[in-house]
Amino acid sequence: MTVSLTIENLSAHYGSTQVLKDLSLSVAAGELVSLLGSSGCGKTTTLRIVAGFLQPTSGHVRLGDRDLTTLAAHARDIGLVFQNYALFPHLTVMDNVSFGLKQRGVAKADRLVRAGAMLERVGLSALADRLPSALSGGQKQRVALARALVIEPPLLMFDEPLSNLDAKLRVDMRVEIRQLQKANGTTSLYVTHDQEEAFSISDRVAIMNAGRIMQLDTPEVLYQKPANAFVARFVGFENLIPLTVKARDGANVTAEAAGGASLNLSQDIFGAIPDRFMLAARADGLAVKAVAGKGIAATLGTRTYLGRAYQYQCSTAVGDLVANGTLSEPLEPGTAAVLEPVAEQCCILAPEA
Amino acid sequence: MNKFAKWGLTLPATIAVIVLLLVPVILTIATTFDEPKGPFSTYAAFFNSGFRVNILTRTLRIALITTSISLVVGFLAAYVIAQMPGRLKSLAIIAAVFPLLTGVVVRSFAWLIILGKNGIVNDALTGLGIIAEPLSMLYTEGSVIVAMVYLFVPLMILTLTGVLEGIPRDVIEASSSLGAKPVATFLQVILPLAVPGLIVGAVLVFTGSFTSYATPQLLGGERQMMMGTLLYQRAMVTFDWVGASTVAAIMVVITIAIVAIMSRMARRLNPMAV
Amino acid sequence: MTARIHPVLGILTGIVFLFLLAPLVIIVGAAFSDTSYLTFPPRGLTFHWFANIFAIEAFRTTAVTSLEVAFLGTGLSLLIGVPAAYALNRYRVELPKWLATLFVLPILVPEIVFGFSLLKSITIGLGLPVLPSLILGHALLVLPYSVRVVGASLAAFDFSVEEAAISLGCPPVKTFLTVVLPNIRAGVIAAFILAFITSINDVSVSVFLTGPGISTLPIQILAHMEQFFDPTIASVSVLLMLVTVGVMAIVEATLGLTFLTK
């Protein structure tokens, strides 16, 4: 049974501070959606409201056609994987995994079979009689996963499940989580502050800030076509250059930055360009040229070696920018150069208010 | 330098404990075996005296009842305190700590006013016409137990509040996310995790009440003598030092046995142990 | 842990707190009663019984003795307990385990047995006068607080900080005083307060060690109660509670009371 999760106009307060502002989100049946953002953005609050540990000030949570909003947490039937695993320290691995089945009145023999099969799937059959204190971090996380999956919940939720693991294990576990989730086709909500993790594991990612979703889309779109300055900065567009259109010639637009630098941009590449806009570019998207040309005049600062390119801190009339130059001609700090946007690597954003 | 430091720094305290505690207590116990009538004659005398055996069983009974009541009452209060919001919790803890920091004499004395012939309870009951003559509630086993429970409940509350607050919120939420109803979460998760704390609390209260002196002295008097008051009476009233030492030795043995058994139990039941 | 509290549990807890606090309120009430016997609610209102405390010389002298014994006993226990706690934490691996157990023995041995044994061997056996016996007895009685409470602070102390100070040229003793001690201040204060309160309220040890002419306040209260059952005792109790309130205010201001549940 796969169902969709619908969050409608959720608002939440801690005391007088509003931590969620009219947040809506839907996760299609079988889909994995991540909530991504820095601490305090409201992602964990959202998860805790869906889980039933917090009451929203207003709004609704629906799972399929069931309204969960006022339902007690233990009656929601949601599989939850915690950041600190939250294993029962007094129960063995087997008892931890069968805990949820016991609550559902499953007979003991059946419990052992189902929990045993689930432990097999996560590769922990040999450790069934151990207590959690005798497990490594990765093993604990597998038990937590098995414990949430064995109750065959219509919705799985993950609260920063990998943040306590080391880097290598983190990558292995996220592949494993994704495989199990896809195999079961369980609708999932995944909370993380790690962009790489969110992008690699999710069908869609909601980037959150200050209690709102800034953009909800596939990882590809988020990475290449951020919808606003916040998301652009979040996904690594280091340079946001405000520009004003000075002349239009068919698809070609001439725009001017502060300090008089003038750029030629094509609407064939960027789509419609408004009169005032921002050009967003990663360091890759601004090429450092030692010869005079069309672009932003810059004085080069510190140079760092990235392996595939040199990166320069540049001072320009529009502020400090970061740009890459070729390996074939390293330039010394203090050199006057020109920064040329690489159109395919840049995108156009509405100006910030 | 280090060698001198590590032993030298502990030396004064070590000497103090050995000279002022260990040797005197061992001497006290040793004298009980150095009797003309044979090494165990004073113990035989103790256990052949119905009066003294009665005191021992009474002391054990009172300690057991006090411990049981304090466990239930303390756990209830600690459970509620552990979920209180910050401010209320501080207030509750202050309210529990205050009696604890007030002396044993003062706290036992309060029950003299409450349970005495002209005490509040008698005043209320006669005033309401429920009884005609004031009841004799003092110098009964009940009065000793009430005062003892009063003495030890704060200790239990503080011990158990710490234990219950130490149970991670996650684990309790995990339980309810897996479908456990509140009662199931309490019985299957919270209670088992609190067992080590309950044992620590029980040991503190049991040894404390088993060896108490001031409370049975004030509320039990001659009629409800306990081991502590018996020891004092033998030593300072009848000057039977061998008898007093025998009582002391029995108290030490029982106390150490209880602590040893309970801490072994705590270790076995400790869920965190590997 | 957090869960919702059933109203019945809330009410029962309220009753528990009533049970904890009502007797103390009753003492306060009884202390002001204008009757020659103890009663509550108080009849009339008088400060006579408070004045009476100061009129009775035995209360004055025993209060002074109690304070002397508590200050000197607690001070002595810190003097020998803090270095021991330091060594136990600093050289945790190298020192034998039984050493830590040794310092908590005063908790394990019943107080009344300890008091009796001290009387036999120190006061009678060695002929030590009453006051030094009391001070030594109390120092031992509260030693576990000095070692364990200070030890808990030291367990949280990062000894590499101390090594840093020594590597910068600070001599060991000066390092202890200027680097370690300020960092375990809370533990030392807590140990002092717990030890002081324990000492000033002690009955079981003092009852054996006090002698003719020299007694402590709790023992004097017990003695007074055997002869008179008047509100003077309630008034003394109120004064003792005021001392407790003062101490709690200091704890709250310096450490926060919640440290007591740790």
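Read the figures in this text as sums done on the coordinates, not as results from a lab. Worth saying up front: this structure is predicted, and the values here are computed from it rather than measured. Note that each Cβ is placed from the backbone with ideal geometry, even for glycine, and that neighbours are counted across all protein chains shown.
For the peptide B:233-239, the mean number of other protein chain Cβ atoms found within 10 angstrom of a residue's Cβ is 2.
When the charge dipole of segment C:145-229 is built from unit charges on Cβ atoms (+1 for Lys and Arg, -1 for Asp and Glu) and taken about the Cα centre, the candidate among C:221, C:194, C:168 whose Cα reaches farthest toward its positive end is C:168. Per-residue shielding of A:90-103, expressed as the average number of other chain Cβ atoms within 10 Å of the residue Cβ, stands at 4. Tally Lys and Arg at +1 and Asp and Glu at -1 over the other residues with C-beta under 15 Å from the C-beta of residue B:221: what net charge comes out? For residues surrounding residue B:221, the net value is 0. Once Rh is set to the Kirkwood radius over Cα pairs, what Stokes-Einstein translational diffusion coefficient, in µm²/s, holds for chain B at a temperature of 20 °C and a viscosity of 1.002 mPa s? Estimated via Stokes-Einstein, D reaches 98 µm²/s.
Modelled spin-label separation between residue B:253 and residue A:329, with each label point placed 7 Å from Cα along the Cα-to-Cβ direction: 9.9 nm.
To the nearest 0.05, what FRET efficiency results for residue A:350 and residue A:306 with a Förster distance of 35 Å applied to their C-beta separation? Present the calculation step by step, with values, prior to reporting the outcome.
On the way: r = 31 Å, r/R0 = 0.88.
The computed FRET efficiency comes out at 0.70.
Take each residue of peptide C:5-12, count the partner chain Cβ atoms within 10 Å of its Cβ, and average: the result is 3.
Spacing of the modelled spin labels on residue A:70 and residue A:171, each 7 Å from Cα toward Cβ, amounts to 5.0 nm. With the simple model of a label 7 Å out from the Cα in the direction of the Cβ, residue A:163 to residue A:210 spans 2.2 nm. Peptides B:16-22, C:48-54, A:254-260 ranked from most to least packed, by the mean per-residue count of other Cβ atoms within 10 Å: B:16-22, C:48-54, A:254-260.
Sorting the segments A:114-124, C:178-188 by their residues' average number of neighbouring beta-carbon atoms within 10 angstrom, most packed first, yields A:114-124, C:178-188.
Quick one: which of A:182/A:225; B:6/B:89; A:43/B:89; A:43/A:289; A:43/A:140; A:102/A:182 span more than 31 angstrom between C-alpha atoms? Violating the 31 Å Cα-Cα cut-off are B:6/B:89; A:43/A:289. Rounded to the nearest 10 degrees, the angle from helix C:185-201 to the longest Cα principal axis of chain C is 30 degrees. Counting only whole DSSP H helices of chain B, the ones at least 24 Å long by C-alpha along their axis and with mean Kyte-Doolittle hydropathy no lower than 0.5 are B:50-83, B:141-165, B:191-210, B:241-269.
Couplings 3J(HN,Hα) for segment A:229-236, derived from phi with the Karplus relation 6.51 cos²θ - 1.76 cosθ + 1.60 (θ = phi - 60°), are 4, 4, 5, 4, 4, 4, 8, x Hz, where x marks Gly and Pro. The stretch between residue A:183 and residue A:17, if pulled fully straight at 0.36 nm per residue, gains 55.7 nm over its current Cα-Cα span. Membrane-span-like helices of chain A, defined as complete DSSP H segments with a Cα extent of 15 Å or more along the helix axis and a mean Kyte hydropathy of at least -0.5, are identified as A:93-103, A:108-121, A:137-149. In sequence order, segment A:55-68 has phi-based couplings of 9, x, 5, 7, x, 9, 10, 10, 10, x, 9, 8, 8, 8 Hz under the Karplus curve 6.51 cos²θ - 1.76 cosθ + 1.60, θ = phi - 60°, and Gly or Pro positions carry x. Label point of residue C:35 set 7 angstrom out along Cα-Cβ; within segment C:220-238, amide nitrogens under 12 Å from it belong to C:230-231. For the pair residue C:93 and residue C:178 in one chain, pulling the backbone fully straight at 0.36 nm per residue adds 28.1 nm over the alpha carbon distance. Within segment C:11-52, what residues put their amide N at less than 17 Å from the label point 7 Å along the Cα-to-Cβ vector of residue B:131? Counting only backbone N, you get C:40. With chain B treated as a Gaussian network of Cα nodes joined by springs under 10 Å, which of B:128, B:101, B:158 yields the largest mean-square fluctuation? Result for chain B, Cα springs under 10 Å: B:128 fluctuates most. For chain C, a crude dipole built from +1 on the beta carbon of Lys and Arg and -1 on the beta carbon of Asp and Glu, taken about the Cα centre, is about 480 debye to the nearest 20. DSSP beta bridges fully contained in the protein assembly as shown are about 75 percent antiparallel. Listing A:102, C:174, A:168 from fewest to most neighbouring C-beta atoms within 10 Å gives A:168, C:174, A:102. Taking Cβ atoms as reference points and 10 Å as the exclusive limit, the residues near residue A:351 contribute a net charge of -1, counting Lys and Arg as +1 and Asp and Glu as -1. Its relative contact order, with pairs defined as Cα atoms under 8 Å and 6+ residues apart, puts chain A at 16 percent. Angle, helix C:57-90 long axis vs. longest principal axis of chain C, Cα atoms, 0 to 90°, nearest 10? Orientation of helix C:57-90: about 20 degrees from the principal axis.
Amide H to amide H, with H built 1.01 Å from N, residue A:58 comes under 5 Å of A:11, counting only residues 5 or more places away or on other chains. Ordering of A:52-65, A:23-36 by packing is A:23-36, A:52-65, highest average first (other Cβ atoms within 10 Å, averaged per residue). Only one residue of C:203, C:135, C:104 has its Cα farthest out toward the positive end of the dipole of chain C, where Lys and Arg carry +1 and Asp and Glu -1 on Cβ, and that residue is C:104. Magnitude of the charge dipole for segment A:156-299, about its Cα centre and with charges confined to Cβ atoms of Lys, Arg (+1) and Asp, Glu (-1), is about 400 debye. In percent, rounded to a whole number, the relative contact order of chain C is 28, using alpha-carbon pairs under 8 Å and six or more apart. Amide hydrogen proximity for residue A:287: with H placed 1.01 Å from N in the peptide plane, the residues at 5 or more positions away or on another chain lying under 5 Å are A:340, A:342.
When you restrict to C-alpha pairs under 8 Å that are six or more residues apart and normalise by the size of segment C:149-262, the relative contact order lands at 24 percent. The distance linking segment B:148-203 with segment A:165-221 is 36 Å (Cα centroid to Cα centroid, whole angstrom). Calculate I(q)/I(0) for segment C:57-261 by the Debye formula, one identical point scatterer on each C-alpha and no solvent, and give its log10 at q = 0.08 Å⁻¹ to two decimals. For segment C:57-261, the Cα-only Debye profile gives -0.33.
At q = 0.10, 0.11 Å⁻¹, what is the log10 ratio I(q)/I(0) for segment B:131-274, with the Debye formula run over Cα points and no solvent? Values, matching the q order: -0.53, -0.61.
Give, in whole angstrom and from largest to smallest, the semi-axes √(5λ) of the equivalent ellipsoid of the protein assembly as shown, with λ running over the eigenvalues of the Cα gyration tensor.
Numbers: eigenvalues 952, 217, 157 Å².
Working through the eigenvalues yields semi-axes of 69, 33, 28 Å.
Charges on Cβ only, +1 for Lys and Arg, -1 for Asp and Glu, centred on the Cα centroid of chain C; of C:83, C:32, C:122, which one is farthest towards the dipole's positive end? Looking along the dipole axis, the top candidate is C:83. What net charge do the residues around residue A:211 carry, taking every other residue with its C-beta under 14 Å from that of residue A:211, with Lys and Arg at +1 and Asp and Glu at -1? Result for the neighbourhood of residue A:211: +3.
Taking the longest Cα principal axis of chain C as reference, the axis of helix C:7-31 is set at about 70 degrees.
Cα centroid distance between segment B:68-121 and segment C:146-193, in Å? Rounded to whole Å, the Cα centres lie 35 Å apart. Placing a label point 7 Å from the Cα of residue A:200 along the Cα-to-Cβ direction, the residues of segment A:165-184 whose backbone N falls under 12 Å of that point are A:166-178. Extension gain for residue C:126-residue C:71 works out to 17.4 nm (0.36 nm per residue, less the C-alpha to C-alpha distance). From the alpha carbon centroid of segment C:62-135 to that of segment A:276-291 is 76 Å.
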